[in-house]
Structure formats: C-alpha cells, structure tokens
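Just below is one structure, and these are the notes that go with it.
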Amino acid sequence: MHYDMKKAGQRIRELRRQKGLTQEQLAEVLNISQENLARIERGTQGASIDLLIDMACFFTASLDYLILGHEMQIEKTKKGISDVILQLMELQNSL
C-alpha cells in the first residue's frame with residue numbers, strides 16, 4: 001500500500017467533476033493556483049497534507065479515500081443507516 005499520486009489525482013478530478021466544478025473554481029475554493037491543481041490532478045505533483053485535509057473537508061471525503069483509494073466511510077455509513085431505516089419502516093408496516 002502506497003501513495004500513488006496519479007491515482008490520487010484521478011480521484012480528486014472525479015470528485016471535482018461530480019460537484020460540477022472547473023479546475024479554476026476548485027482552485028479558488030482551495031486558495032491555490034489552477035496550474036497547481038492541474039498538476040495534482042495529473043499526478044505530476046503531490047499535495048501537502050494541509051491541502052489534502054482541505055480537499056477532504058470540501059468533498060466530505062476521507063483522507064484514506066483521497067490518498068489510498070479506500071472506500072469512503074461516509075458513504076458506507078449512510079448506506080448502513082438507510083438500510084436500518086428501511087428495515088424499521090418495514091417492521092412498522094407489518095405491525
């Protein structure tokens with residue numbers, strides 16, 4: 001297990017696109033240059049831990065996901081909660 005800058009950059013690019021943002025818009029939010037963000041997304045430059053934390057907060061993603069590609073625990077937790085709610089509703093309807 002290691003930090004693959006290229007894959008991390010691809011994940012960051014995908015998260016940015018999911019939010020419908022351009023590189024310029026995200027760079028402004030993160031207070032970095034568009035050129036810096038482009039290099040990070042291409043994987044030719046790594047991001048500082050401070051910048052990764054800012055990205056994780058902005059995207060509501062875990063550092064594990066950004067750096068290593070591990071499944072985002074937030075999404076896993078949301079799915080678990082939704083499953084429990086569905087089960088409770090089905091139980092309520094059967095009473």
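Please list log₁₀ I(q)/I(0) at q = 0.17, 0.18 Å⁻¹ for the chain, using the Debye equation with identical point scatterers on the alpha-carbon positions.
The calculated log intensity ratios at q = 0.17, 0.18 Å⁻¹ are -0.71, -0.77.
Could you work out how far helix 49-59 tilts from the main Cα principal axis of the chain, as a 0 to 90 degree angle to the nearest 10?
With rounding to tens, the tilt is 40 degrees.
So which residue, out of Ile53, Ile67, Ile32, gets the largest mean-square fluctuation from a GNM of the chain using Cα contacts under 10 Å as springs?
Looking only at Ile53, Ile67, Ile32, the biggest GNM fluctuation is shown by Ile32.
Do any GluC sites (Glu not before Pro) in segment 7-95 lie in a DSSP loop with no more than 12 other beta carbon atoms within 10 Å, and if so, which?
Sites meeting the loop and neighbour criteria: Glu71.
Using a Gaussian network model on the chain with a 10 Å cutoff between Cα atoms, which of Gln18, Gln45, Gln34 fluctuates the most?
Result: Gln18 has the largest fluctuation of those listed.
Give the carbon-plus-sulfur fraction of the accessible surface of the chain in %, rounded to a whole number; probe 1.4 Å, heavy atoms of protein chains only.
Reported share for carbon and sulfur atoms: 54 percent.
The values are calculated or read from the model by the stated rules, or taken from the named source; none is laboratory data. These numbers come from a predicted model, not from an experiment. Note: ideal-geometry Cβ built from the backbone for every residue, glycine included; neighbour counts use all protein chains shown. With ligands, DNA and RNA removed, areas are computed over all heavy atoms of the protein, side chains included. Shrake-Rupley method; radii C 1.70, N 1.55, O 1.52, S 1.80 Å.
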